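Taken together, the values in this text are just the output of simple stated rules run on the coordinates, not laboratory data. These numbers come from a predicted model, not from an experiment. Virtual Cβ from ideal backbone geometry, glycine too; neighbours counted across all protein chains shown.
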């Protein structure tokens, strides 16, 4: 059974309370996400962008320091509260990813990392992303690959409880078709996601951790990627 949206938001706030209490400022793989954005070659000084699901806004601030005119939002009041303490110069707000407040054709790029899989209404989210993008604008995002993440989450929880907090996991084919339905042409960028952040998540699985540490995921087929990194361009 899926969680209610209010219940999911409550769990999101609890996750951030736990993270900040234990000294964690990031719940995502910031290093790889920034490397992906750099590899796209699509961000430039003065462009207008928004990050949806920004957490404590470290990525947004990094882009701001590089000259991107960036706004950022997150569903968690806890995360945005911390972000405002750290980066008072940023335009930050608490927003639901399926209902965005910005006007039509407002941004050159929309960014999100570890967001799509949490949404109950991914089509509504993509419709909103398309609406606020300028013609030819880009949605640059990452989401876990269903074929790998479902196995990992089942091992971690020893159940199918992940269906409650990851109701919208996608494989590459389904994701590409869904994007096309909303007027996006898309392509995937294979990233090597193995770093200290990834290996820390596997501390309870030493054999799997050792195996992961030897892999270069850029050499594996798309369906075996841990995460799907996507360049989606608004075409109609």
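For residue 18 and residue 214, what is the calculated FRET efficiency with R₀ set at 41 Å and r taken between the beta-carbons, to the nearest 0.05? Could you put the intermediate results ahead of the total?
On the way: r = 31 Å, r/R0 = 0.76.
The calculated FRET efficiency here is 0.85.
Subtracting the Cα-Cα distance of residue 236 and residue 134 from 0.36 nm times their residue separation leaves 35.7 nm of extension gain.
Approximating the spin labels as points 7 Å out from Cα along Cα→Cβ, the residue 152-to-residue 93 distance works out to 3.2 nm. Relative contact order, whole percent, for the chain stands at 19, derived from Cα pairs under 8 Å and 6 or more residues apart. How large is the direction-averaged shadow of the alpha-carbon convex hull of the stretch 136-188, in nm²? Hull-based average projected area comes out at 4.1 nm². Sorted from longest to shortest, the spans of the Cα atoms of the stretch 93-168 along the three principal axes equal 44, 21, 20 Å. At what distance in angstrom do the alpha carbon centres of the stretch 212-236 and the stretch 62-131 lie from each other? Computed from Cα coordinates, the inter-centre distance equals 22 Å.
Rounded to the nearest 500, what is the 222 nm mean residue ellipticity of the chain from helices alone, with -39500 (n - 2.57) per DSSP H run of 4+ residues and division by all residues? One gets -12000 deg cm²/dmol as the mean residue ellipticity at 222 nm.
Segment residue 203..residue 38, full-extension length gain: 56.5 nm, with 0.36 nm per residue of separation and the alpha-carbon distance subtracted.
Suppose R0 equals 35 Å; then what is the FRET efficiency for residue 124 and residue 65 from their Cβ-Cβ distance, rounded to the nearest 0.05?
On the way: r = 32 Å, r/R0 = 0.93.
Result of the calculation: an efficiency of 0.60.
As a proxy for reagent exposure, ranking 155, 47, 191 by other Cβ atoms within 10 Å from fewest up yields 155, 47, 191.
DSSP assigns beta bridges within the chain; of those with both partners inside it, close to 40 percent run antiparallel.
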